[in-house]
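Written out below as C-alpha cells is the structure these notes cover.
The values are calculated or read from the model by the stated rules, or taken from the named source; none is laboratory data. All figures in this text were calculated on a predicted structure; none of them were measured in a lab. Cβ placement follows ideal geometry from the backbone for every residue including glycine, while neighbour counts extend to all protein chains displayed. With ligands, DNA and RNA removed, areas are computed over all heavy atoms of the protein, side chains included. Shrake-Rupley method; radii C 1.70, N 1.55, O 1.52, S 1.80 Å.
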Amino acid sequence: MRRCCWLRFMLLTALVACGLGPLPRSAEPEAPRPAPGVDEESESVGAKLEAIRDQLVGLRFEKALDDVQALLGLPRLSESERVEALVLGSQAHVALGDLKGAEVDYREILRLRPAYVPEASLTPRKAMERFTRVQAELVGRLELVLDPPDARVWIDGREVSVGPAGVLALLAGERVFRAERDGFDPFEKPVTITPGKDLRFELQLVPNARTVVVLTEPEGVEVVLDGAPMGVTAASAGGSRQPAELRIENLPLGEHRIELRKPCFRGELLRDILVVDLLDRSPKRYGPVRLAPVRSTLELRGGPAGAQVRLDGQPAGQVSRDPLELCPGEHRVELMSGARVLWSSREQLLEAETRVVEIDVRPNVALVGASAWPSGLGALAGRFNETTGITLPRGSDLSVADAWTAVELPAGTDVALAVVPRERDSANPQLYLYSPILRAAGRLEAVPADLDRPRWYGSAWGARIADSQIGGPARVVEVASSGPAAAAGLRPGDRLLSIGGEPVAGAGQLRAMLDRAAPGSTVSVRWLTPAGETREAAWRGARSPRLLHGSADLAQAALRAAWAAADAAGEPSQAACPLANLALLFSAFGQSDLAVETWRKVNWGERAGVGGGTTLYYLGRELEVLGREGEAVEAYRAAAASEATAFDDEGPPVAPAARDRLFDLGVTPP
Amino acid sequence: MLFVLAGLFVAGALARPADPAGAEQQYRVARRLAAQGSPEATSALGKVIELDPAGVLADDALIEQALLLGIPDWPEELGRIEAAAEQAATALLDRVVRELPQHDRAAEAVYRRALLRLEPLPGHDSSAARLELIRVAMAKRPSAWSERARYALGWLHEQLGEHDRALAAFRRVLLDDPLGPTNARAWAGTGRMLLRKGKAARAAQELQNGVDAGASAGILAVGPRELAVGLALRDAVPALRPQALTTPAPTIRTLAGLAPRAEGGVLLGDRKSGRVIALDEQGRAAGEWVLEDLQTIAADPHGRAYAAAGGRLFRLGASGKTQPLAAVEDYAPLEALTADGLGGLWLVDRRGQRVGYVAPGAQRAEQVWEGKTARLAAAAWSGSRLLALDGRSRNLIALDRAGAVTDLVELALERPTAMAVDPAGRVAVLDERAGKIAWVLGDGSRLGVYDCASAGIGRAVALGIGPDGWLHVFDAAAGTWVRQP
C-alpha cells in the first residue's frame, strides 16, 4: 500500500510537469506532418492528447490507456503525435505497474525517436532499467567530429541536428550518413550502428569555394562580380577610418573578374584566380582598393540670367558664369524658369572633359505616339525640347482641340504632335498638331513652309527707298537724320547698287535683302551718287522689334506661338517683342481675352517706333472685340496721340488707324 | 375641315420641293460653264436658284450671276459697267441681302451692292453706299469683306476729298489685315494721301510698298510713286529732270482738249474732225472715238474719259464706244469740263459765269455757282474741290460741292486758258499768251514757272497732268504732244 502510494505520488508529479509544458522535443527533427486538409483532425488529436493528460492527472490510468490505444489507431497520426501518445501510454503503464506494457511503448518510441530518454528523476528505477535495456537493444551512438563543425548532417535522408557534443543516437543497423556545407563538397557514406555501442566518426569536408571580402576607399562602391552586381561596400564596424567592405560568401574557386564602380570615381577592375587553402579557411581579402575621384566640367553659355539649372532632375542652382563640376557619364541638363523647361539636353561627359554648351531657349514639344520626329519633319529634331513616348489616345478626333484633354501632356508643353498610323499605309502616318497655347488643333496636311525660328527683331536702316521709272531702281528718297543710313554716308538721290556684294535690282528686292540681315547687323553697301560717283560703306542697322502678322496656318502659328512663349519665359527682360507677337497670334485665333492679358504684359519701355502706342492700338482692338468699348476708347485715344508705329520701327504710324477706330465708335479723335 | 385639308394637299403638290442635291450638281455645271466663258452660265446659275431657292448655294448662284454681268471687285473698277447690267446685278444682290441675309456670302453681296451704288450711273447714291460699306466693315463677325469694305470707305473718303479720313481708313486696313488682299491697295492709298499732304518721300516709300505688294499698275501706285520720287528728289537728281518728249500729232487740226490716260499716253480731241484719238506712250494710235460737234474732253482721276459733243456729255468706253450721259443744255458750248473721282462732271458755261455739276448718273447738270462778273477760263478737280481760273480777275478760286467760293490767290498771268492738278494737289496754269505754265499749290501759294519756250514749245494751247505728275502740253504751233516729267 505504501509502495502504491509512492508510485501514485511520483506519477502525479510527472504528469503535472507534463501538463505544464509540452513533451520535451526529441533531438530529431519533426517528421513530416500528414497531408494538408487534416488540420481539424490534428486539432482534435491535440485535444485528445490533452484529455489523456488530464486523465493521468486525475489518476484515471485505465481510461487513459484506452484513449491512447484509440488514438494510436487513428490514421494520419503524425510522428510527434504518435510519439507523444506512446510516451503518455508508457507513463500510464508505469503508473499501473505494467512495466511490460511500458517496455513495448519504449520500443515503439525508440524506433521513432532513438534519442528519446525518459526523465530519470521522474521515472521509477525499475521502469528506467527496462528502458535502458530496451535502449541497449535498439540504439547505438555515433560520435561525430566534423570539420567544419557547422556542417549539416542527414541520416537516411533525414536531416538531424547534431548537438554540441557531436553525439547522435541512432537505431542500430545500416545507416546512410551525409554531410553538407556551403563552400564544401558534400560527403555521403553508409555506416553500421551497433546496438549499445559508440561509433566515432571524424570527417573533414573538402572546400570548393571561398568567402572573399572586397575592401574599398571610399565606401559605397558597387561591386560587380563576373558581370553580376553583388552590392556596395559599406563602412566596416571598425570605424570610419577603416576601408569599407563587401563580403561575398563562398565564391566558387576559379577565375573571377571584379569590377568596382562608383559615380564620380574612376572604376577599377580586379582579376584573380581564387584558390583555397585547407589550412587557412579565412576569407580572401581584396584591397583596400582606392578609387580615384574623377570630374568633368560643364560650362553653360548664353542662358538667361536667373534661370535655374537642373541636373538629372535635381536643382543645381542658377545659371552663372561658373562652370559646373560633374561626374563623367550621361547627364540630363535642364534650364528652368519656374516649372517651365527652357532648354534641355542630354550630355555624355567624358572623364576630365570640359564641355561648353550654348544655351538656346527652345519650346517644349511633345511627340505623341512616336519616339522620334516623323519623316518630313526631321529638320525639327534638335530644335526643341522634346518629350517622347506619350501614349496616343484611342478613337479620338485629334483635329479637335477638346480631344487633346485625353492626352497626358507634360506641363509646359508648347506644341504637341501626334503621329497616328494609317491602317493601309503605315509608312505615312497621319499627323495632328495641337497648340495648348492657342487652344487649337488640326490635321497637319503638309510640312510648314517656314520651320525657322521666328525673328522677333530686325533692323531699321534709316532710309526710305523707292524705284523710279526714269530715276532708276532703288533710289534713296529720304534719310533719317542721325540714322543708320546717314551714318553710312547715304544721301537722298543715291542709288543703291549692291548689298553685301549682291546686286540690287529694285527696292522690293533690297528690302528683302535687308530683312534677311541679322538684327542690328552690318552690311556692306555700294551706291551711286547723283553726281555719278560710286561709293561703298558699312551700313549698320538699328535693332528694331518686328511684329509678325497673319499666320492663319495652324502649324505656322503654333510654332510661332511656341517660340514666343519660350522666348518670353527665357529672357523676361526682352519679353516685350515675343509677347506682342504672341498677343497678335491670340488675336488671329480669336482668343481676345488672352490677347488682352498678353498685351497688358508687354512693356516696351521708352522707345521710338514700336512702343506703348502700338500696344494700346492692338489692346484697344481686342477690348473692342470683347465689348469693352469704354476701355477701348481710352486705349485708342492714347494710341491716336502717340507717334508709335506698327510692324517695326519704320512701319506705318498707328495714330491714323486709332483715329479711324475712334470715328467708328462715335468719338472725336484727339 | 375636309376642304382645308384638300387645299393644303393641293398647295403642297403645287409647291416645288427644294432639291439641294440637284442644286449642288447644277451649281457645278454652272461654274464650269462660267469658267469656260459660256453664255449659258447665267441661265445655269438661275436654275440653281430654281432648284433650291433658299439653299446653301442660292447666294452663291445669285452673286455668280451678278459677277457674270461684269460688276466691280474694287472701287477703282467703277465706271466700266453699263446701266442695264448694273440694274440687273443690283437686283440679284438685293435678293441675297433681302432674302438670304444669313447666308455666308451675304456680306459680300452688301459690299458689292454698295460698289454698284457708287457707279456713275442712274441710281448712284454715295450716302447709301457709305452706310452699307460701314455696315460690312463694322460687322460683329468680321469677314474678308470687312477689310474690303473698310478699304472702299477709305477710297470713298479720298474721292470726296476727305483725305485725313481716307488716310486713317487705309492705315487701319494696313494694320488690321497686313497680309490680306487689300494690303497692296491700302499701301497705295496711304501713299497717295501722303503725297497729298506733301510728304513726298514717305509717300514714295509707301507707294513702293504697294507696288511690291502687288498693287495694280498705273494710277494706283506706280504713277503716284513716280511723282513722289520726282518731288522728293528732283532737285537732287538730274536724271529726274530729263528733256521733254515731243510726239507729232498731225491729225489734230483744231484741238478740242487734251487728257492724259491712266495707262500712259494721252487723249487728244480734234474739233474739226469730231474725233478723239488715244495715243500710247510711244505716240502710236491706241483708240479713236467719233463724236459730232466735239467741244472738249476730260479725264477723271481714275483715267475714265469724257467728252462734250453736240450738247451732250459722253463717257468714252472701249475704242469707238461712247455712252451718252447728261445733256449739257444751256451750258453749251462748254468753256471747261472736268471730272471728279466719283464720276461727277463739272461744267463751265461758254461765258465762264456759271458752274454746273452733273452728279454721277444724273441726266442733267445742276447749277452750283454763278458769277455775273466772272469769266472762268479753266477748271480742274483738285481732289477735294473744284479749282477754277477767273480770266478776268486772274484769280484762282476754289469751289466746294455746295457752291461756296474761296479766292485763293491772284495770278499775274496774261491770258490763262487751261489748268490741271497733279495727284499731289499742285496746280499748273497755262498762260497761253505768255507761253508759260505757272505752278501753285492748292492753297494758292506759288511754286514756280515753267517756260514753254525753253522746252521748245511754240504755242501751248492745252495742258494736262498724268497720274505720274508728268505735264502734257499740246503745241498748236508744231502740232505736237509734249511731255515733260
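Quick notes on this one:
- Test: residue in the range A:641-654 that is farther than 18 Å from B:Asp177 by Cβ and part of a helix (DSSP H, G or I): no
- The number of residues in the range A:514-536 being farther than 15 Å from A:Arg495 by Cβ and either open to solvent by less than 20 Å² (accessible area, probe 1.4 Å) or aliphatic (A, V, I, L, M) (or both) comes to 5.
- If only residues of the range A:367-381 that are more than 24 Å from the chain's Cα centre (by Cα) and not in a helix (DSSP H, G or I) are counted, the one that is surrounded by the fewest Cβ atoms within 10 Å (Cβ to Cβ) is A:Ser375.
- Sole exception among (1) within 13 Å of chain B (Cβ to nearest Cβ); (2) in a helix (DSSP H, G or I); (3) more than 48 Å from the chain's Cα centre (by Cα) for A:Ala635, by number: (1)
- Cβ-Cβ under 9 Å pairs, at least 6 apart or on other chains, the range A:379-399 side at positive phi, far side loosely packed, with under 12 Cβ neighbours inside 10 Å and among the charged types (D, E, K, R): none
- For the range B:393-422, a tally of residues being modelled with pLDDT of 90 or more and in a loop (DSSP other than H, G, I, E, B) returns 1.
- Some residue of the range A:570-591 being out of contact with any Ser or Thr (no Cβ under 9 Å at 6 or more places or on another chain) and farther than 26 Å from A:Leu342 by Cβ: yes
- Residue check for B:Arg117: open to solvent by 30 Å² or more (accessible area, probe 1.4 Å) and at pLDDT 95 or above: yes
- Residues satisfying the stated conditions in the range B:159-181, i.e. in contact with a helix residue (DSSP H, G or I) (Cβ under 6 Å, 6 or more places away or on another chain) and surrounded by fewer than 24 Cβ atoms within 10 Å (Cβ to Cβ): B:His163, B:Arg165, B:Asp177, B:Gly180
- Of the residues contained in the range B:179-188, one or more are found to be farther than 18 Å from A:Ala507 by Cα and in contact with a His (Cβ under 9 Å, 6 or more places away or on another chain).
- Every residue from the range A:113-139 that is assigned to a helix (DSSP H, G or I) and open to solvent by 40 Å² or more (accessible area, probe 1.4 Å): A:Ala120, A:Ser121, A:Leu122, A:Arg125, A:Lys126, A:Glu129, A:Arg130, A:Thr132, A:Arg133, A:Gln135, A:Ala136, A:Glu137
- Pick from the range A:656-670, criterion not in a loop (DSSP other than H, G, I, E, B) and not small (Gly, Ala, Ser), ranking: farthest from the other protein chains (Cβ to nearest Cβ): A:Leu662
- Just one of the listed residues (A:Glu478, A:Glu423) is open to solvent by 30 Å² or more (accessible area, probe 1.4 Å) and within 12 Å of chain B (Cβ to nearest Cβ), namely A:Glu478.
- Unmet requirement for A:Asp450, which otherwise passes all of (1) in contact with a helix residue (DSSP H, G or I) (Cβ under 9 Å, 6 or more places away or on another chain); (2) without any contact (Cβ under 8 Å) to a residue 60 or more places away in the chain; (3) open to solvent by 40 Å² or more (accessible area, probe 1.4 Å); (4) within 14 Å of chain B (Cβ to nearest Cβ): (2)
- Here B:Val449 passes the criteria (1) within 23 Å of B:Glu226 (Cα to Cα); (2) under 26 Å from the mean Cα position of the chain (by Cα); (3) open to solvent by 20 Å² or more (accessible area, probe 1.4 Å); (4) among the β-branched types (Val, Ile, Thr) except the one numbered (2).
- Yes/no for B:Val429 being crowded, with 21+ Cβ neighbours inside 10 Å and among the β-branched types (Val, Ile, Thr): yes
- Conditions (1) open to solvent by 50 Å² or more (accessible area, probe 1.4 Å); (2) small (Gly, Ala, Ser); (3) touching a residue at least 40 places away in the same chain (Cβ under 8 Å); (4) within 13 Å of chain B (Cβ to nearest Cβ); number of the one not met by A:Ala487: (4)
- Test: residue in the range A:639-655 that is touching an Asp or Glu at 6+ places or on another chain (Cβ under 9 Å) and either more than 13 Å from chain B (Cβ to nearest Cβ) or open to solvent by 30 Å² or more (accessible area, probe 1.4 Å) (or both): yes
- Test for A:Ala542: is it away from chain B (no Cβ under 12 Å) and open to solvent by less than 10 Å² (accessible area, probe 1.4 Å): no
- Verdict on A:Glu445 being without any contact (Cβ under 8 Å) to a residue 60 or more places away in the chain, away from chain B (no Cβ under 14 Å) and either in a strand (DSSP E or B) or open to solvent by 40 Å² or more (accessible area, probe 1.4 Å) (or both): yes
- Failed criterion for A:Pro578 (all others in (1) within 14 Å of another protein chain (Cβ to nearest Cβ); (2) open to solvent by less than 20 Å² (accessible area, probe 1.4 Å) hold): (1)
- Within the range B:150-182, considering residues that are more than 18 Å from B:Pro423 (Cα to Cα) and more than 10 Å from every other protein chain (Cβ to nearest Cβ), the one modelled with the lowest pLDDT: B:Pro181
- Among the conditions (1) within 14 Å of chain B (Cβ to nearest Cβ); (2) surrounded by fewer than 18 Cβ atoms within 10 Å (Cβ to Cβ); (3) on the phi < 0 side of the Ramachandran plot, the only one that A:Leu510 does not satisfy is (2).
- Within the range A:597-615, tally of residues that are of a type in the set (D, E, K, R) and touching a strand residue (DSSP E or B) at 6+ places or on another chain (Cβ under 9 Å): 1
- Residue match in the range B:141-150 (condition: open to solvent by 20 Å² or more (accessible area, probe 1.4 Å) and closer than 20 Å to A:Ala655 by Cβ): yes
- Test: residue in the range B:208-230 that is in a helix (DSSP H, G or I), closer than 17 Å to A:Pro656 by Cα, over 19 Å from the mean Cα position of the chain (by Cα) and without any contact (Cβ under 8 Å) to a residue 60 or more places away in the chain: no
- Qualifying residue in the range A:63-71 (condition: open to solvent by 60 Å² or more (accessible area, probe 1.4 Å) and either within 60 Å of the chain's Cα centre (by Cα) or closer than 30 Å to A:Phe184 by Cα (or both)): no
- Which numbered condition B:Gly198 misses (of (1) out of contact with any helix residue (DSSP H, G or I) (no Cβ under 8 Å at 6 or more places or on another chain); (2) closer than 19 Å to B:Ala152 by Cβ; (3) more than 10 Å from every other protein chain (Cβ to nearest Cβ)): (2)
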